[in-house]
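Values quoted throughout were computed directly from the atomic coordinates according to the rules given, and no laboratory measurement underlies them. Quick caveat, the model's predicted, so the values are computed rather than measured. Here the Cβ positions follow ideal geometry from the backbone for every residue, glycine too, while neighbour counts run over all protein chains shown.
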Amino acid sequence: MSTRNLIETRLTEALGPCAILEVEDQSAAHAGHAGARESGGGHFAVRVVSASFEGMTPLQRQRRVYAALAEEMKGRIHALSMTCQTPAEHAVEG
């Protein structure tokens, strides 16, 4: 399974159905920088809109995502950026 698909699976399992779950592999843009794997892989951006974030601070949301991806953060994911919103926050933005 690709890392991108694995991220989607882990987040869906941890957060339940998400209104929006986007995973972008940004690895190609980071190939060769210090700390990156020789393959240049492992850089991802996720955007998650989920009702499970209701009542959580932004830090709590990020911690929940990191907890869901803990195993992958040990090797498959080198860097992860994220946007975590509730459906209400997303509606205001859109």
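Structure notes:
- For the chain, the longest principal axis of the alpha carbon atoms and the long axis of helix 3-15 meet at an angle near 30°.
- Stokes-Einstein diffusion of the chain at 10 °C, 1.306 mPa s viscosity, Kirkwood radius from Cα pairs, rounded to a whole number: 116 µm²/s.
- Between 0 and 90°, nearest 10: helix 58-68 axis offset from the chain longest Cα axis: 60 degrees
- Exposure proxy order (Cβ contacts within 10 Å, fewest to most) of ILE7, ILE77, ILE20: ILE20, ILE77, ILE7
- Assigned charges on the beta-carbon of Lys, Arg, Asp, Glu; the chain dipole about Cα centre (debye): 260 debye
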